[in-house]
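Data first, discussion second: the structure below is written as structure tokens.
The values are calculated or read from the model by the stated rules, or taken from the named source; none is laboratory data. Please read these numbers as outputs of a predicted model, since none were measured by experiment. With ideal geometry, Cβ positions are generated from the backbone for all residues, glycine too; neighbour counts draw on all protein chains shown.
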Amino acid sequence: MSIELATNYLGLQLKHPFIPGASPLVDNLDTVKQLEDAGAAAIVMRSLFEEQIEMDWRGVDSLMLSHEESSAEAISYFPRAEEFALTPDRYLEHIASIRAAVDVPVIASLNGVTPGGWVSLAESMQQAGADALELNIYQLPADTEVSGSEIEDTVVRILDTMLGRITIPVAVKLSPFYSSLPNFAKRLAASGASGLVLFNRFYQPDINIEDLEVSPLLHLSDSSELLVRLRWMAILESIPNLDFSLSGGVHTGSDAVKALMSGSTTVQMVSCLLKNGPAHLKKIITEVREWMTEHEYNSVEELRGCMSYRKCPDPGGYERANYLRVLQTWRVS
Ligand SMILES: Cc1cc2nc3c(=O)[nH]c(=O)nc-3n(C[C@H](O)[C@H](O)[C@H](O)COP(=O)(O)O)c2cc1C
């Protein structure tokens, strides 16, 4: 039995929903080719950062201006220009190189939090050959004077400026930490976002109790990180005019099936590919196909959203009711 996996994401026609997410994996063209050989339906590039662009244009002092609220120590913590993997110019060249090397869509990524000139790089990314963009909003609000609605207004302004400069589609990559994600997601759709990527993964720093230092930490995800995404995907997927991409905690074919069942249009993977190499993508795609055959699903459309909040037999499982149930039915052994 042939299974139909073809998927339309952000207006791009993909052969299936499985994509390597933004990471250093695609910095190298050989690895990009390996990912395409392993079946990647699209290539998502790592981000180019607001701070990096401003530093490149105006020097290190521009960081002070764009992060006025931050301390001098915080500014000194930023990577130096030469520590970024790709300069803005190299990034644009790399888009063109990937575009020439592969037959699948290329999604570039801009990452920032303040409305500013850096957003104009989106236009150069489109000219360099990007088929779509991810706008990554990785925000850590630490200012007691800034309200949630101001933060959301800023994101909408950034998106609006970006969309004014380009004609390719934009997906916004968010964290789960907004007070009303459904309302904010609807607002982003109304402002012209074609999709949302759920979610950014926060790299929680640790405290070194001997040296009194805050230590940056990056450990790769495991499947437990999928759960927060499944819940929000299931709740948000019904918002009209938005495609959703799940990013975070997909390591196996079953994880990918769950992501689709919750309602995601595409499924992104990074940690499992960094751990196991690009060929792991093929393994996951094969596992999904096998699972669908065994369970008699003919197409990805049949699977998509069947366990969303709207369609699942027991939506209470996604709500406060689930919280009450798990706490109240716990028995001390
Ligand atoms: C080393 C590394 C670098 C990453 N760089 C980026 C980046 O530049 N832009 C971005 O949007 N996400 C970046 N991510 C986040 C991933 O795209 C992804 O959202 C996250 O790792 C969760 O997916 P996973 O559980 O499959 O790893 C990076 C992740 C890792 C591990």
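Scanning the range 86-101 for residues that are of a type outside the set (Gly, Ala, Ser) and closer than 22 Å to Phe177 by Cβ turns up nothing. Take the conditions within 14 Å of the ligand (Cβ to nearest atom), modelled with pLDDT of 95 or more, more than 30 Å from Tyr323 (Cα to Cα) and outside any helix (DSSP H, G or I) and apply them to Ala193. Does it pass? No: the conditions fail for Ala193. Would you check if Val300 is among the aliphatic types (A, V, I, L, M) and surrounded by fewer than 10 Cβ atoms within 10 Å (Cβ to Cβ)? Here the answer is no, as Val300 does not meet what is asked. Selection of the range 127-145 for residues being under 19 Å from Ser194 (Cα atoms), of a type outside the set (A, V, I, L, M) and within 16 Å of the ligand (Cβ to nearest atom) yields Glu134, Asn136, Tyr138. Could you grab me the full set of residues in the range 202-248 that are over 19 Å from Gly21 (Cβ atoms), in contact with a Phe, Trp or Tyr (Cβ under 8 Å, 6 or more places away or on another chain), modelled with pLDDT of 90 or more and not hydroxyl-bearing (Ser, Thr, Tyr)? The answer is Arg231, Ala234, Ile235. Tyr138 satisfies every condition listed in (1) closer than 30 Å to Ala38 by Cα; (2) surrounded by 18 or more Cβ atoms within 10 Å (Cβ to Cβ) except (2).
The residue of the range 225-242 that is nearest to Pro313 (Cα to Cα), among those that are surrounded by fewer than 20 Cβ atoms within 10 Å (Cβ to Cβ) and of a type in the set (D, E, K, R), is Arg231. From the list Lys173, Lys186, the lone residue that is touching a residue at least 24 places away in the same chain (Cβ under 8 Å), closer than 20 Å to Arg231 by Cβ and either acidic (Asp, Glu) or part of a helix (DSSP H, G or I) (or both) is Lys186.
The residues of the range 261-290 that are surrounded by fewer than 22 Cβ atoms within 10 Å (Cβ to Cβ), within 15 Å of the ligand (Cβ to nearest atom) and among the polar types (S, T, N, Q), listed by number, are Ser271, Asn276. Kindly check whether there is at least one residue in the range 206-224 that is part of a helix (DSSP H, G or I), within 14 Å of the ligand (Cβ to nearest atom) and surrounded by fewer than 20 Cβ atoms within 10 Å (Cβ to Cβ). There is at least one residue in the range 206-224 that is part of a helix (DSSP H, G or I), within 14 Å of the ligand (Cβ to nearest atom) and surrounded by fewer than 20 Cβ atoms within 10 Å (Cβ to Cβ).
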